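Colleague: Handing you this structure, nothing more for now.
The values are calculated or read from the model by the stated rules, or taken from the named source; none is laboratory data. Please read all numbers here as calculations on a predicted model, not as lab measurements. We place every Cβ from the backbone using ideal geometry, glycine too, and count neighbours over all the protein chains shown. Please note that ligands, DNA and RNA were not included when accessible areas were found on the heavy atoms of the full protein model with its side chains. Shrake-Rupley method; radii C 1.70, N 1.55, O 1.52, S 1.80 Å.
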Amino acid sequence: MSDSRAAIRYAKAILDLAVDNKATDAVEKDMRSIVATIAENNDLKAMLSSPVIKSEIKKNTLTQIFKGSNTISEGLITILVDNKRVDLLNQVAEKFIILNEDLKGKGIAYVTTAVPLTAALEKKILKQVTELTGNNVTIENKIDESIVGGFVLRVGDLQYDASIANKLSNLKREFTNSL
């Protein structure tokens, strides 16, 4: 949990710096690139979380991967490496995107389902989320068959888990605790 709070603090600081330098769009583009790159590369994830790999190697690798990024984004990488918090890079990038979308009055609702959403269902969800948040929201559907059925809705820092997998897990926990 403290990692999440630390990620939010870094993201807020980077957002403030980007706003001051009128570079929010460029930094958001970099943050989206960071999230996508880390999500696609398991070796990079492992390197970032490895305590065995030296900080200098991590810094050089990240600098090469994200060469041409905005100076604010490069500074974030340097600060995270220097503070030995580089494992938070992905979380910081995600939080930055969320905070910047909120700042623009937009938002992204991540809906994880076992099967793709139909257009009608996506429209219903979009209407409900827009009413709840008051922001102009876009839906991003992620497919994860492990949730079995139902959905997981995440808007900003709020999450609602109505998945079958979660309900089964809760049921299992209740049975285990009652024995």
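Colleague: Is it the case that some residue within the range 165-176 is polar (S, T, N, Q) and outside any helix (DSSP H, G or I)? Show your work before the answer.
Modeller: Pass one, the range 165-176, residues polar (S, T, N, Q): 166, 169-170, 176.
Now drop any that are not outside any helix (DSSP H, G or I), which leaves none.
No, every residue in the range 165-176 fails to be polar (S, T, N, Q) and outside any helix (DSSP H, G or I).
Colleague: Here's a follow-up. Can you give me the number of residues within the range 94-131 that are basic (K, R), at pLDDT 85 or above and not in a helix (DSSP H, G or I)? Before the answer, list the steps.
Modeller: Initially, the range 94-131 is screened for residues basic (K, R), giving 95, 104, 106, 123-124, 127.
Subset that is at pLDDT 85 or above: 95, 123-124, 127.
In the following step, the residues that additionally are not in a helix (DSSP H, G or I) were identified as none.
Counting residues in the range 94-131 that are basic (K, R), at pLDDT 85 or above and not in a helix (DSSP H, G or I) gives 0.
Colleague: Follow-up. Looking at I53, is it without any contact (Cβ under 8 Å) to a residue 24 or more places away in the chain, over 17 Å from V92 (Cβ atoms), of a type in the set (A, V, I, L, M) and open to solvent by 60 Å² or more (accessible area, probe 1.4 Å)? Give the derivation first.
Modeller: Values: without any contact (Cβ under 8 Å) to a residue 24 or more places away in the chain: yes; over 17 Å from V92 (Cβ atoms): yes; of a type in the set (A, V, I, L, M): yes; open to solvent by 60 Å² or more (accessible area, probe 1.4 Å): no.
Considered against the rule, which asks whether it is without any contact (Cβ under 8 Å) to a residue 24 or more places away in the chain, over 17 Å from V92 (Cβ atoms), of a type in the set (A, V, I, L, M) and open to solvent by 60 Å² or more (accessible area, probe 1.4 Å), I53 comes out as no.
Colleague: Which condition number does L158 fail, the rest of (1) open to solvent by less than 50 Å² (accessible area, probe 1.4 Å); (2) within 27 Å of K104 (Cα to Cα); (3) of a type in the set (A, V, I, L, M) being met?
Modeller: (1)
Colleague: Any idea which residue in the range 74-92 is least open to solvent (accessible area, probe 1.4 Å), counting only those that are touching an Asp or Glu at 6+ places or on another chain (Cβ under 9 Å) and under 14 Å from L17 (Cα atoms)? Quick ask: steps written out before the conclusion?
Modeller: From the range 74-92, those touching an Asp or Glu at 6+ places or on another chain (Cβ under 9 Å) are 74, 76, 80-81, 85, 87-88, 91; that's our starting set.
The next check asks that each one be under 14 Å from L17 (Cα atoms); those that pass are 74, 76.
Numbers: E74: 71, L76: 2 Å².
Among them, the one singled out is L76.
Colleague: Filter the range 161-179 down to the residues that are modelled with pLDDT of 90 or more, over 31 Å from the mean Cα position of the chain (by Cα) and of a type in the set (A, V, I, L, M, F, W, C) and list them by number.
Modeller: F175
Colleague: Here's something else I'd like to know. Among the residues of the range 65-73, is any open to solvent by 40 Å² or more (accessible area, probe 1.4 Å), of a type in the set (D, E, K, R) and not in a loop (DSSP other than H, G, I, E, B)?
Modeller: No, the range 65-73 contains no residue that is open to solvent by 40 Å² or more (accessible area, probe 1.4 Å), of a type in the set (D, E, K, R) and not in a loop (DSSP other than H, G, I, E, B).
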